[in-house]
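See below for the structure under consideration.
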Amino acid sequence: MTYHNTTLAAVPDPSFRVAVLRCRDTFQIDPAPLTALFANQSHENAEATVCRALEEIAVRLDRLQLARTAAAYDEVAAPARRIVSIAGGLGLTDVQLAAEHVGHSAKTGSGVALSATLTRLERCFDRAVSCVWDFQTYS
């Protein structure tokens, strides 16, 4: 039987700053892009456009998860940029911002940062889907 002794690292310098992330309880969208979409197209066409866009984001999220699992950080930038573009077109500002952060985290090569930002992106996307459908109900 083998025993391993571990030592604890020294306490970090007290001037070391730790970022504390707080999740907002509310999620909002910029209604202008969706309002314009539904004003310029029939309700059925606008709804189909929104469905395709949300489905494309979901496909990209799946690619991001696969890249994270494989630690293929170089495969994160393109899907993250595409999500930024699609989310911006729909007015999903929180999704857009989270996708930007995912791309930045991948550039740093930090698996922890990528996992955290990707989880936030997924949470934002889940909320965005609900907000978009609520928006359509009331528009």
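Laboratory data are not the source of any read-out in this text; all were calculated from the coordinates shown. What you see is a predicted model, and the numbers here were worked out from it, not measured in a lab. Every residue, glycine among them, receives a Cβ derived from its backbone with ideal geometry; neighbour counts consider all protein chains shown.
Convert each backbone phi in the range 36-51 into a coupling constant with the Karplus relation 6.51 cos²θ - 1.76 cosθ + 1.60 (shift: θ = phi - 60°), then list the ³J(HN,Hα) values in order as whole Hz, x for Gly and Pro.
Per residue, the Karplus-derived 3J(HN,Hα) values read 5, 4, 6, 6, 9, 10, 5, 4, 5, 5, 5, 5, 5, 4, 5, 4 Hz.
Read phi for every residue in the range 126-133 and hand back ³J(HN,Hα) as whole Hz from Karplus 6.51 cos²θ - 1.76 cosθ + 1.60, θ = phi - 60°, with x for Gly and Pro.
Karplus values, whole Hz, x for Gly and Pro: 4, 5, 5, 4, 4, 5, 5, 5.
Where the only charges are on Cβ atoms (+1 Lys, Arg; -1 Asp, Glu), what is the dipole of the range 31-138 about its Cα centre, to the nearest 20 debye?
For this selection, approximately 320 debye.
Work out, step by step, the length gained on full extension between Arg52 and Ser85: first 0.36 nm times the residue separation, then minus their alpha carbon distance; give nm to one decimal.
That pair, Arg52 and Ser85, stretches by 10.5 nm at full extension.
Distance in nm between label sites at Thr119 and Ser42, each 7 Å beyond Cα in the beta-carbon direction?
Result for the modelled spin labels: 4.5 nm.
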